[in-house]
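Here the structure is laid out as structure tokens; the discussion comes afterwards.
What follows is calculated from the coordinates using simple rules that are stated; it is not laboratory data. Predicted model only: the values in this text are computed from it and were never measured. Backbone-built Cβ (ideal geometry, glycine too); neighbour counts: all protein chains shown.
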Amino acid sequence: MGVRIKSTGISRAGDTFSIVELSGAAARHAMERAQVRPDQVGVLINAGIFRDSNTVEPAVSALIQKEAGIGLDYTKEDPRSFSFDLMNAAVGVLNAVQVAQSVLVTGSAEHVVIVSGDTHPSLKRGTADAEFPYATSGAALLLEHTDEDEGFGRVHTVSGGGTPGIESYVDVATMGTRGRELMTVIREPDAEQRLLELAADAARMALSEADPEQATTALIASTPSAEFPEQLAAALGIAPNAVFTPDLSQGDPHTAALPLAYDAAVANRALDAFTHVLFVAAGAGPSAAAVLYRLPAAVGAAA
């Protein structure tokens with residue numbers, strides 16, 4: 001008995017760089033794949049960080065919920081739905097899984113949609129560079145409760161001491177009249193190594209729940225660099241051919257990295273040889289989270 005991924009949806013920058021539009025499209029895609037109606041979604045959680053024009057109010061989740069067409073009817077008999085932002089850098093998507101587990105196991109909602117993804121606040125670019133190291137994309141996980149022995153285990157989280165490692169802010173001293181389209185990102189020289197150590201700690205806690213003689217485990221991890229997932233695999237003793245990453249041709253998709261990688265792996269039937277997926281997220285804080293996901297028998301139907 002647990003919470004499993006019923007379907008996924010992705011949306012890449014093209015005609016738009018709006019994360020509201022991209023995340024809304026990803027949520028709609030996930031619902032269409034699963035043949036789930038918007039009124040069957042009780043909660044939408046947005047784990048994205050960088051948003052259109054540095055929007056502060058209203059909550060971006062509400063804008064994405066509207067774009068996805070969820071909860072737009074207000075008659076007395078209509079099912080209720082709500083949304084909220086859950087912001088914790090690249091770790092936010094696994095924090096959202098943790099919240100979704102609590103919602104679904106109590107029967108408070110039939111389905112939960114987690115959306116994630118980031119964009120440059122100027123809405124004029126989608127490719128990462130040294131100034132803003134994140135690619136524009138949207139992704140969605142549609143989750144449901146199941147009575148089967150599959151789905152997410154416990155989400156394990158760890159935090160590091162000292163400085164945040166990675167900081168993002170609007171520099172009020174230099175923004176002038178362009179504050180809604182600028183973002184400063186500072187990454188300390190040792191940030192990736194610190195993240196790697198925390199990610200390995202969280203991953204080992206999650207792996208302790210699996211029987212190594214019965215589990216074959218794939219790894220999907222955050223991508224603060226293209227090499228990070230394989231470096232983490234080496235630290236954990238996971239073979240390189242069990243590591244799956246998103247398309248990194250435009251740069252790090254940040255909060256969308258885990259669902260993008262899972263969507264691609266399922267689409268390619270790359271997970272057919274595995275019983276579990278180890279999801280590991282690491283980001284600013286520094287912090288990390290990990291969860292072991294027991295794959296459904298027919299994983300190909302879950303995307």
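For the reader, a short list of remarks on this structure follows.
- Orientation-averaged projected area, Cα convex hull of segment 1-73 (nm²): 5.7 nm²
- Three-way shape call for segment 2-149 based on the alpha-carbon gyration tensor, with the a/c threshold at 1.5: prolate
- Solvent-free Debye calculation, one equal scatterer per alpha-carbon of the chain: log10 I(q)/I(0) at 0.09, 0.12, 0.13 Å⁻¹ equals -0.40, -0.73, -0.86.
- Charge context of Ser122, other residues only, Cβ under 10 angstrom, K/R +1, D/E -1: +2
- Length-normalised contact order for segment 2-149 - Cα pairs under 8 Å, 6+ apart - percent: 39 percent
- Gaussian network model of the chain, Cα within-10 Å springs - most flexible of Ala282, Ala26, Ala270: Ala270
- Percent of Cα pairs exceeding the 21 Å cut-off, where the set is segment 164-301: 46 percent
- Centre-to-centre, using Cα atoms only, segment 129-165 and segment 184-211 are separated by 12 Å.
- Label-to-label distance for Glu32 and Arg180 is 3.0 nm, based on points extended 7 Å past Cα in the beta-carbon direction.
- Top of Ala173, Ala261, Ala13 by mean-square fluctuation, Gaussian network on the chain, Cα under 10 Å: Ala173
- Comparing mean-square fluctuations of Pro38, Pro164, Pro286 from a GNM of the chain with C-alpha springs under 10 Å, the top value falls on Pro164.
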